[in-house]
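First comes the structure, then the notes that go with it.
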């Protein structure tokens, strides 16, 4: 009985051990682990497929190379055979056509150069292009990317490596076409139109900002910049510029002067600091200095000879603040002007007593300018910074000047400037001119036929009614 119980116990233990060995001890996989396992299996299967395709293409490539080598050896053997053959005797004159026919039958046809080139091109097209390859792991199983891998180490190393490309889905092909789409180059006519559109200079530097963010514009500061935000008014007789005129027709209080008046001006307006905050938005500070001199050229009847004497000198200094806002330009100016009679004029006219000189004052004025259809329109007003007993305060100015932008060396210009002073009972001083501007820079020469009518713009005798006609040349050196 005991033996029987021991045998049953041993058999039970043996069955339990066998069952334990057969039952797997591993736990069930989670969904993430299952996806990872499937992904690894797909990669292994794809790798095997790639290796098989690579090996197949490698065998095809080696077969093509062997065929090429065989053809090359056959051509060489044919050439050596032709050289080894003895020269044939010339055929009889009675049958000249038999020899070529025999030679074409016995001699293998040699390909022409054109056929050789075509065959070489076909061979180059069929040859694979060697490029470095990489294996890319797809992000999703449903959208496999291009897989290019190097040959495995188990395969014999070929003479020339050849990449293996797996067929891409249509979506991937479309993306590649979009990435590699050629960029359309602007046609010459379009480029010309763009150049013409860029006539207006940009007066600011704006830092480019990323898409979706506000652009950060950093102001640009310039010392002694070129050009002007507010161009000097050429036809203003007291503008700081350089000019010379000859006025053979000169009338004072209706009486013609027996000679010619020759006015000169030596001056300039130079910006010394400019700040640009945005395209078309800038401010600058300007210093201008000028000396206005008038000479008289006449014939002295007493001495019976020509005389040239100085009549008057006016001196001017200004501080200007110019502002540009797009096509609108503003000038705020403070200047001092003083007038001084020449010694020759005092001696000739026997002036022995001092006279009241109201042309010795400071003025604050504001002027606005804008260009419309090649016409520069401007206007402004000012106030004298002196006591009313010394000089009446109000002044005004307006005008128009025509200048058409052109790439030619010469262009037509002309305009009219009108000034009013309370000191001269607001009688207008009208200065007009028409002529030609020469040059392609900002410092051009302007030749004008000019005329004036109104109060005397120079000297302390501004209350005299004056008119003149003549010619002049104008230049702004800066």
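The values are calculated or read from the model by the stated rules, or taken from the named source; none is laboratory data. Source: prediction; values computed, not measured. All Cβ positions, glycine included, derive from the backbone under ideal geometry; neighbour counts span all protein chains shown.
Against the definition (farther than 20 Å from residue 456 by Cβ, free of Cβ contacts under 8 Å to residues at least 40 places away in the same chain and out of contact with any strand residue (DSSP E or B) (no Cβ under 9 Å at 6 or more places or on another chain)), how does residue 255 come out, yes or no?
no
Could you please tell me which pairs satisfy a Cβ distance under 9 Å, a separation of 6+ or placement on different chains, a first residue in region 426-439 that is at positive phi and in contact (Cβ under 8 Å) with a residue 24 or more places away in the chain, and a second residue that is surrounded by fewer than 20 Cβ atoms within 10 Å (Cβ to Cβ) and not in a strand (DSSP E or B)?
Once the first residue is at positive phi and in contact (Cβ under 8 Å) with a residue 24 or more places away in the chain and sits in region 426-439, its partners that are surrounded by fewer than 20 Cβ atoms within 10 Å (Cβ to Cβ) and not in a strand (DSSP E or B) give 439/409.
One line per residue, one yes/no per condition, for (1) within 30 Å of residue 434 (Cβ to Cβ); (2) part of a strand (DSSP E or B); (3) touching a residue at least 24 places away in the same chain (Cβ under 8 Å):
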{"position": "331", "(1), (2), (3)": "yes, yes, yes"}
{"position": "352", "(1), (2), (3)": "no, no, no"}
{"position": "371", "(1), (2), (3)": "yes, yes, yes"}
{"position": "377", "(1), (2), (3)": "yes, yes, no"}
{"position": "397", "(1), (2), (3)": "yes, yes, yes"}
{"position": "402", "(1), (2), (3)": "yes, yes, yes"}
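Could you check, for region 305-313, whether at least one of its residues is modelled with pLDDT under 95, loosely packed, with under 14 Cβ neighbours inside 10 Å and not in a strand (DSSP E or B)?
no
Just the residues that are part of a strand (DSSP E or B) and surrounded by 14 or more Cβ atoms within 10 Å (Cβ to Cβ), please, taken from region 218-245.
Of region 218-245, the ones part of a strand (DSSP E or B) are 220-223, 242-245.
If the condition is that a residue be part of a strand (DSSP E or B) and surrounded by 14 or more Cβ atoms within 10 Å (Cβ to Cβ), then 220, 222, 242, 243, 244, 245 are the ones that fit.
With the requirement that a residue be within 30 Å of residue 373 (Cβ to Cβ) and surrounded by fewer than 16 Cβ atoms within 10 Å (Cβ to Cβ), what does region 324-339 give you?
Listed by number, the residues that qualify are 325, 326, 327, 328, 332.
Please go through region 303-328 and give me each residue that is at positive phi and in contact (Cβ under 8 Å) with a residue 12 or more places away in the chain, ordered by number.
From region 303-328, those at positive phi are 304, 326; that's our starting set.
Across region 303-328, the qualifying residue is only 326.
Would you mind finding the one in 42, 48, 59, 35 that is modelled with pLDDT of 80 or more, under 30 Å from residue 122 (Cα atoms) and out of contact with any helix residue (DSSP H, G or I) (no Cβ under 6 Å at 6 or more places or on another chain)?
That would be 59, the only listed residue that is modelled with pLDDT of 80 or more, under 30 Å from residue 122 (Cα atoms) and out of contact with any helix residue (DSSP H, G or I) (no Cβ under 6 Å at 6 or more places or on another chain).
Just to be sure before I move on: is residue 342 in contact with a strand residue (DSSP E or B) (Cβ under 7 Å, 6 or more places away or on another chain), more than 23 Å from residue 327 (Cβ to Cβ), modelled with pLDDT of 95 or more and surrounded by 14 or more Cβ atoms within 10 Å (Cβ to Cβ) in the structure I sent? First the steps, then the outcome.
On the way: in contact with a strand residue (DSSP E or B) (Cβ under 7 Å, 6 or more places away or on another chain): yes; more than 23 Å from residue 327 (Cβ to Cβ): yes; modelled with pLDDT of 95 or more: no; surrounded by 14 or more Cβ atoms within 10 Å (Cβ to Cβ): yes.
Criteria not met by residue 342.
If residue 461 satisfies every condition in (1) surrounded by fewer than 20 Cβ atoms within 10 Å (Cβ to Cβ); (2) part of a strand (DSSP E or B); (3) over 31 Å from the mean Cα position of the chain (by Cα) but one, which is the exception?
Of the numbered conditions (1) surrounded by fewer than 20 Cβ atoms within 10 Å (Cβ to Cβ); (2) part of a strand (DSSP E or B); (3) over 31 Å from the mean Cα position of the chain (by Cα), the odd one out for residue 461 is (2).
I'd like to check something: does region 428-448 contain any residue that is modelled with pLDDT of 95 or more, under 30 Å from residue 356 (Cα atoms), assigned to a loop (DSSP other than H, G, I, E, B) and in contact with a strand residue (DSSP E or B) (Cβ under 9 Å, 6 or more places away or on another chain)?
So far as region 428-448 goes, yes, one or more of its residues are modelled with pLDDT of 95 or more, under 30 Å from residue 356 (Cα atoms), assigned to a loop (DSSP other than H, G, I, E, B) and in contact with a strand residue (DSSP E or B) (Cβ under 9 Å, 6 or more places away or on another chain).
Restricting region 388-413 to residues that are closer than 16 Å to residue 377 by Cβ and buried (at least 19 other Cβ atoms within 10 Å of the Cβ), which is modelled with the lowest pLDDT?
403
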